[in-house]
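Participant: Before I ask anything, let me first share the structure, which is written out below as structure tokens.
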Amino acid sequence: MNNTPRRIKQIIEPQYVIEGAGVLLRRAFGPKRTNLFDPFLLFDHFAFNDPVEGPIRGFPTHPHRGIETVTYMLEGNVRHRDSLGNTGIIGPGDVQWMTSGRGILHEEMPRRGPSGAIYGFQLWVNLPAAQKMSEPRYQEVNADSIPVVEVEGAQVRVVAGEFGGVPGPVTEIAAQPLYMDVTLKPEAEFSLPVPEGHFTIAYVFEGEGLFGLDQAGQGEFIQAVHMLVFEDGDHLRVQAGAGSKVRFMLMAGAPFRESIAPYGPFVMNTVEEIQQALYELRNGTFVENPAIS
Ligand code: CO
């Protein structure tokens, strides 16, 4: 394929689910054996904007193995602590790219910002079999270390991958991901090369526009909030609506094409590996030091 724009393959309506200690969030997709979003496993959208919603419960101590969790906040923050002794706050515009590898235990507690709102995303990226039991690794990126590329009405925050020759700060990830926060002014056009064969999705969370434009400039009109899955191709084109900006998270990655066994916060390749993780959790050997300080 050469000069093949990526058309829309599927439009997903995010569903409300309850996770952690009773946290209501919108899930575009979650881990399934069918692995249709390979190399991605889950995409959750935290949006607590209703002041009458009551106190926000978070995600008390829980394990992860075999995956990467990517937390990106826009408003409010998430306080986190883990079994490796890491502790910190993921604030507006910050990213935490956590590679769980063989295992961590952590706690993630969202807090409201000054506006009273909490707004952010969590993406789960798979690890290939060869890296599922690797050492855990964190890449914590402050908002001001994320480059913002501006071209012709497009503003692109580059977390991973590159846009306009500018690379994002998150590197050495098995899935070779693109992860960007894209805002287009009304009518602005955006075109991005995405390697052929890499699975590509966009989470449209503000405004409206035409997505998946073809060579003739024909695209599908999409309004927030929707997850879009794209066909294969070598680039992606988007145009903001005439009277509206549009903002979306753009994600792409190389599929691993391995069978997966998801179970709660673990995603391994076989059921036996899940049983092993559960056994280690029970007998206290899942991580070296299970205490979270
Ligand atoms: Co977690």
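Participant: Quick check: residue separation of Ser115 and Glu187 times 0.36 nm, minus the Cα distance between them. What number comes out in nm?
Facilitator: 23.0 nm
Participant: Add -39500 (n - 2.57) for each DSSP H run of 4 or more in the chain, then divide by its residues: what number comes out at 222 nm, to the nearest 500 deg cm²/dmol?
Facilitator: Only helices count here, giving -1500 deg cm²/dmol.
Participant: Shifting gears a bit: Amide H to amide H under 5 Å from His235: which residues, 5+ apart in sequence or cross-chain, H placed 1.01 Å off N in plane?
Facilitator: Placed amide hydrogens put Thr4, Arg6, Val194 under 5 Å from His235.
Participant: Then there's this: Bin width 10 Å, origin at 0, all Cα-Cα pairs of the chain: what percent of pairs per bin?
Facilitator: The percentages, shortest bin first, are 6, 28, 36, 22, 7, 1, 0.
Participant: Using only Cα atoms, find the angle between the long axis of helix 271-283 and the longest principal axis of the chain, and express it within 0 to 90 degrees, rounded to the nearest 10.
Facilitator: 50 degrees
Participant: Report the convex hull volume per residue for the stretch 141-215, counting only C-alpha atoms, in Å³.
Facilitator: Each residue corresponds to 117 Å³ of Cα convex hull volume.
Participant: Check cross-link reach from Lys32 to the lysines: straight Cα distance under 23 Å, and skip same-chain residues fewer than eight apart.
Facilitator: Of all the lysines, those that pass the test against Lys32 - Cα under 23 Å, at least 8 places apart if same chain - are Lys9, Lys132.
Participant: Sticking with this structure for a sec: How many nm separate the modelled label positions at Ala216 and Ala143, each set 7 Å beyond the Cα in the direction of the Cβ?
Facilitator: Computed distance between label sites Ala216 and Ala143 equals 4.4 nm.
Participant: Could you check the simple spin-label distance between Lys9 and Asp232, using points 7 Å along Cα→Cβ, in nm with one decimal?
Facilitator: Computed distance between label sites Lys9 and Asp232 equals 0.9 nm.
Participant: Under the Karplus relation 6.51 cos²θ - 1.76 cosθ + 1.60, θ = phi - 60°, what is the ordered set of whole-Hz ³J(HN,Hα) values for the stretch 191-202, x standing for Gly and Pro?
Facilitator: Per residue, the Karplus-derived 3J(HN,Hα) values read 9, 9, x, 10, x, 4, x, 7, 5, 10, 9, 9 Hz.
Participant: Still on this structure: List, in order, the whole-Hz ³J(HN,Hα) value for each residue of the stretch 151-164 obtained from phi through the Karplus relation with A = 6.51, B = -1.76, C = 1.60 and θ = phi - 60°; use x for Gly and Pro.
Facilitator: In residue order, the calculated couplings are 9, 6, x, 10, 10, 10, 8, 9, 8, 9, x, 9, 9, x Hz.
Participant: Of Ala254, Gln10, Leu25, whose Cα points farthest to the positive end of the dipole of the chain (charges on the beta-carbon: +1 Lys, Arg; -1 Asp, Glu; origin at the Cα centre)?
Facilitator: Comparing the listed Cα positions along the dipole, Leu25 ranks first.
Participant: Now for a different question. Only Cα pairs under 8 Å and at least 6 apart count here; give the relative contact order of the chain as a rounded whole percent.
Facilitator: 22 percent
Participant: How high is the FRET efficiency between Ala130 and Val225 when r is their beta carbon distance and R₀ equals 30 Å, given to the nearest 0.05? Before the final figure, lay out each step's value.
Facilitator: Details: r = 36 Å, r/R0 = 1.19.
Rounded to the nearest 0.05, the efficiency is 0.25.
Taken together, the values in this text are just the output of simple stated rules run on the coordinates, not laboratory data. These figures come from a predicted structure and were not determined experimentally. Because the Cβ atoms are built from the backbone with ideal geometry, glycine has one as well, and the counts that use them run over all protein chains shown.
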